Amino acid sequence: MKDLRSTASIKGHPIHPMLVPIPIALFLAALVTDIVFIADGSRDWAEASKWLIGAGIVGALLAALAGFADFAGSSGIRQLRDAWLHMFANLIAVVVEAVSLFLRLPDETVAGSIGIVLSAVTALILLFSGWKGGELVFRHGVGQIPS
């Protein structure tokens, strides 16, 4: 049996799954504030989206460090197609959000046009990535301590 334990862990508890809810929540909250901005028109909602995306990118980079440590630290994990798909989906999500943030910096009201599209695309990517992350844990046993 392959050793698929997490390289980045604290007392056997993988760090990556502890960190991933942070960027997910922040990116999805940005989609919500984009929607509210379109409905309400208050620039404060567009400004909130910008800050949520920026914080989400920081959180995603922290989660990525732990996830990549697991990926790089285990040849068994690297052999899993789902691991590659999960990693690339997350990278694409962060790039999409970075583009979104770049477009919003000079004018946060971009949230009402391309901004909400990018937020929605990110949400769809996160659904796929989360599915693949679940496959890694529940189907392949990544990060679990063998009994």
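The values are calculated or read from the model by the stated rules, or taken from the named source; none is laboratory data. Note that this is a predicted model, so its numbers are computed, not measured. Cβ atoms come from the backbone with ideal geometry, glycine included; neighbour counts cover every protein chain shown. Note: areas computed on protein heavy atoms with side chains; ligands, DNA, RNA excluded. Shrake-Rupley method; radii C 1.70, N 1.55, O 1.52, S 1.80 Å.
Structure above, values below:
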read-out	value
Filter result (β-branched (Val, Ile, Thr) and surrounded by fewer than 17 Cβ atoms within 10 Å (Cβ to Cβ)) within the range 84-95	92, 95
Boolean, residue 69 is closer than 18 Å to residue 116 by Cβ and not β-branched (Val, Ile, Thr)	no
Of all residues making up the range 126-147, the number that are more than 20 Å from residue 9 (Cα to Cα) and touching a Pro at 6+ places or on another chain (Cβ under 9 Å)	1
Some residue of the range 2-18 being touching a Ser or Thr at 6+ places or on another chain (Cβ under 6 Å), closer than 24 Å to residue 145 by Cβ, assigned to a strand (DSSP E or B) and at pLDDT below 95	yes
Leading residue by the ranking (most open to solvent (accessible area, probe 1.4 Å)) among those in the range 5-54 that are touching an Asp or Glu at 6+ places or on another chain (Cβ under 9 Å), within 19 Å of residue 137 (Cβ to Cβ) and of a type outside the set (Val, Ile, Thr)	5
Breaking point among (1) closer than 23 Å to residue 4 by Cβ; (2) open to solvent by 40 Å² or more (accessible area, probe 1.4 Å); (3) in contact with a Gly (Cβ under 9 Å, 6 or more places away or on another chain); (4) in a helix (DSSP H, G or I), for residue 145	(4)
Pick from the range 55-83, criterion part of a helix (DSSP H, G or I) and open to solvent by 70 Å² or more (accessible area, probe 1.4 Å), ranking: farthest from residue 27 (Cα to Cα)	78
Candidate set from the range 84-122 (those that are part of a helix (DSSP H, G or I) and of a type in the set (S, T, N, Q)); member that is farthest from residue 135 (Cα to Cα)	109
